[in-house]
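To start, the structure itself, in structure tokens.
The values are calculated or read from the model by the stated rules, or taken from the named source; none is laboratory data. Keep in mind that this is a model prediction, so the values were computed, not measured. Cβ placement follows ideal geometry from the backbone for every residue including glycine, while neighbour counts extend to all protein chains displayed.
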Amino acid sequence: MKMDEPLPAKIGKYPVIREIARGGTSRVYLGRDPFANRDVAIKLVSAADGIESDLRRRFHKVFVNEASLVGKLIHPHIMAIYDADASDDFSYIVMEYVDGPTLEHFCNVTSLLPVDRIVEVAFKCSLALDFAHRHGIIHRDIKPANILIGAQGDIKISDFGVALHSGGDHTHLQGVGSPAYMSPEQVQDKELTHQTDIYSLGVVLYQLLTGKLPFIAANKASLLYQILNIDPSPPSTYRTEIPEQLDKVVMHALNKDSRLRHQTWGEFSRELTQTYRHLALPPESISDTEKFNAIRSLGFFQNFRDVEIWETVRIAAFRRIQPDKIIIREGDIGENFYVIAAGQARVTKANTELDVLNAGDCFGEILYFEHIRAKRITTIASITALTIIEIKALALQKASDACQKQFNQAFLKILIARLDTASDRLSRN
């Protein structure tokens with residue numbers, strides 16, 4: 001199949017609906033997976049005319065090898081790859097379809113996202129790239145065009161086609177990447193670590209905040225010179241609402257010396273989250289980033305993986321409760337259970353105090369096991385100001401098996417701890 005042919009009826013076993021995008025050697029189509037009954041994105045790549053057959057085969061081998069590798073990266077913020085195939089003339093990858101724009105749409109000064117939303121986008125990207133790094137993968141081509149925002153605001157990193165893998169029998173392409181987003185070490189073809197992706201994400205963050213790239217040049221030679229020798233202006237130069245702490249995070253990521261850059265993705269993401277206290281957020285708002293960090297910090301969720309924490313973020317509602325307020329009342333009908341994210345609450349039954357709950361404790365979970373709306377058997381009231389995570393029992397029953405398993409194990413640990421406490425009390429009496 002040649003790249004200049006009209007819309008194909010099928011690519012492999014996948015019916016083609018319409019073209020989504022195109023590049024110099026590739027086209028992306030919206031297709032349909034008839035077996036999984038879902039929409040998919042099909043990226044069709046054809047080696048340019050005039051390339052020798054050996055190089056053409058090598059190009060397709062690398063393409064499919066990397067597609068197969070990335071298909072193993074199951075993360076809520078990495079675009080899933082379902083299938084891939086190659087021939088001498090063309091290759092295709094079947095991917096998760098994301099119904100939304102790339103970050104390119106938000107890199108223009110006339111369409112910038114709010115600062116807090118940009119921090120959240122960068123935070124989610126850092127989690128995904130940290131996950132990839134822990135699996136031995138460096139993306140090497142982080143740029144706005146390779147980061148999509150879905151209809152529900154979810155972030156998906158795509159196009160690991162030129163990714164570098166630390167082990168295994170993989171052929172790597174040299175001299176790849178988009179010059180404006182390349183780290184100094186990538187420009188010089190030095191050995192790369194995950195810090196090259198940290199630098200590239202720093203460039204993306206800079207562009208999202210300001211609508212400008214940190215380095216602008218008339219030609220590639222001038223651009224590469226600036227990347228190696230010139231320090232960019234802080235983002236707040238172009239957008240005064242950017243807080244000083246966020247300026248520091250971006251400039252830290254863009255340090256030309258990788259030894260002075262963030263050393264780990266964890267360090268990068270922690271610095272990002274610390275900028276939130278400098279942002280003008282409405283007092284009642286809790287961002288997805290804050291929700292993720294709050295959940296991950298609690299002992300209740302200590303064995304949850306990132307993917308299960310993100311699933312919890314999606315099904316949970318965060319509520320802030322003032323002191324001395326009743327949350328659930330004995331005898332009331334309910335269908336939700338709760339985990340305390342911060343603060344203290346009192347448990348009473350028939351006006352007798354039974355226990356005091358702290359951050360990480362849960363209550364109301366019996367309804368999850370009842371599978372019906374049931375009466376509350378205790379009253380729970382706030383002692384201090386509370387932040388609680390509220391989850392509908394039905395929503396958890398419809399969650400993934402892995403997520404339910406983690407909740408079941410957490411509930412079991414709490415039940416055992418309560419029984420031990422009750423036994424201690426009885427023995428003392």
Report task. State the number of residues belonging to region 112-151 that are touching a residue at least 40 places away in the same chain (Cβ under 8 Å), more than 25 Å from Val28 (Cα to Cα) and part of a loop (DSSP other than H, G, I, E, B). Result -> 3
Query raised in the report: Considering region 297-328 alone, what residues qualify as being part of a loop (DSSP other than H, G, I, E, B) and closer than 22 Å to Thr348 by Cβ?
Result: Gln322, Pro323, Asp324, Lys325
Query raised in the report: Counting only residues that are part of a loop (DSSP other than H, G, I, E, B) and in contact (Cβ under 8 Å) with a residue 12 or more places away in the chain, which one in region 214-230 is farthest from Thr110 (Cα to Cα)?
Result: Ile230
Query raised in the report: Looking at region 391-401, is at least one residue assigned by TED's automatic domain parsing to the domain that holds Glu311, in a helix (DSSP H, G or I) and crowded, with 19+ Cβ neighbours inside 10 Å?
Result: yes
Report task. Select from region 222-274 the residues that are within 25 Å of the chain's Cα centre (by Cα), among the β-branched types (Val, Ile, Thr) and surrounded by 15 or more Cβ atoms within 10 Å (Cβ to Cβ) and write down the one among them that is nearest to Val204 (Cα to Cα). Result -> Val250
Query raised in the report: Looking at (1) in contact with a strand residue (DSSP E or B) (Cβ under 8 Å, 6 or more places away or on another chain); (2) at pLDDT 85 or above; (3) not polar (S, T, N, Q), which is the only condition Lys61 fails?
Result: (2)
Query raised in the report: Within the bounds of region 228-245, is there any residue that is among the acidic types (Asp, Glu) and modelled with pLDDT under 90?
Result: yes
Query raised in the report: Could you give every pair whose Cβ atoms fall below 9 Å, whose first residue belongs to region 14-33 and is hydroxyl-bearing (Ser, Thr, Tyr), and whose second residue is at pLDDT below 80, counting only separations of at least 6 or pairs across chains?
Result: Thr25/Met3; Thr25/Val45; Thr25/Ser46; Thr25/Ala47; Thr25/Ala48; Ser26/Met3; Ser26/Val45; Ser26/Ser46
Query raised in the report: Taking region 317-358 on its own, how many of its residues are on the phi > 0 side of the Ramachandran plot and either of a type in the set (Gly, Ala, Ser) or within 36 Å of the chain's Cα centre (by Cα) (or both)?
Result: 3
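Quick grid of which residues meet (1) in the same structural domain as Leu394 (by TED's automatic domain parsing); (2) closer than 30 Å to Arg134 by Cα; (3) in contact (Cβ under 8 Å) with a residue 60 or more places away in the chain:
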position	(1), (2), (3)
Met251	no, yes, no
Gln263	no, yes, yes
Leu272	no, yes, yes
Ile295	yes, yes, yes
Phe301	yes, yes, yes
Phe304	yes, yes, yes
Ile321	yes, no, yes
Phe363	yes, no, no
**Report entry** Leading residue by the ranking (modelled with the highest pLDDT) among those in region 279-322 that are loosely packed, with under 13 Cβ neighbours inside 10 Å and either more than 23 Å from Leu396 (Cβ to Cβ) or basic (Lys, Arg) (or both)
**Finding:** Gln322
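Yes/no matrix, rows are residues, columns are (1) under 17 Å from the mean Cα position of the chain (by Cα); (2) modelled with pLDDT of 90 or more:
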site	(1), (2)
Val70	yes, no
Ser91	no, no
Glu96	yes, yes
Leu103	yes, yes
Pro114	no, yes
Requested in this report: Could you tell me whether region 329-352 includes any residue that is in the same structural domain as Ile295 (by TED's automatic domain parsing), without any contact (Cβ under 8 Å) to a residue 12 or more places away in the chain, more than 25 Å from Glu311 (Cβ to Cβ) and not in a helix (DSSP H, G or I)?
Outcome: yes
Report task. Keeping to region 178-213, report how many residues are farther than 15 Å from Ile230 by Cβ, of a type in the set (A, V, I, L, M) and in a helix (DSSP H, G or I). Result -> 6
Requested in this report: Starting from residues that are more than 24 Å from Lys405 (Cβ to Cβ) and modelled with pLDDT of 90 or more, keep the ones in region 331-349 and report whichever is surrounded by the most Cβ atoms within 10 Å (Cβ to Cβ).
Outcome: Ala345
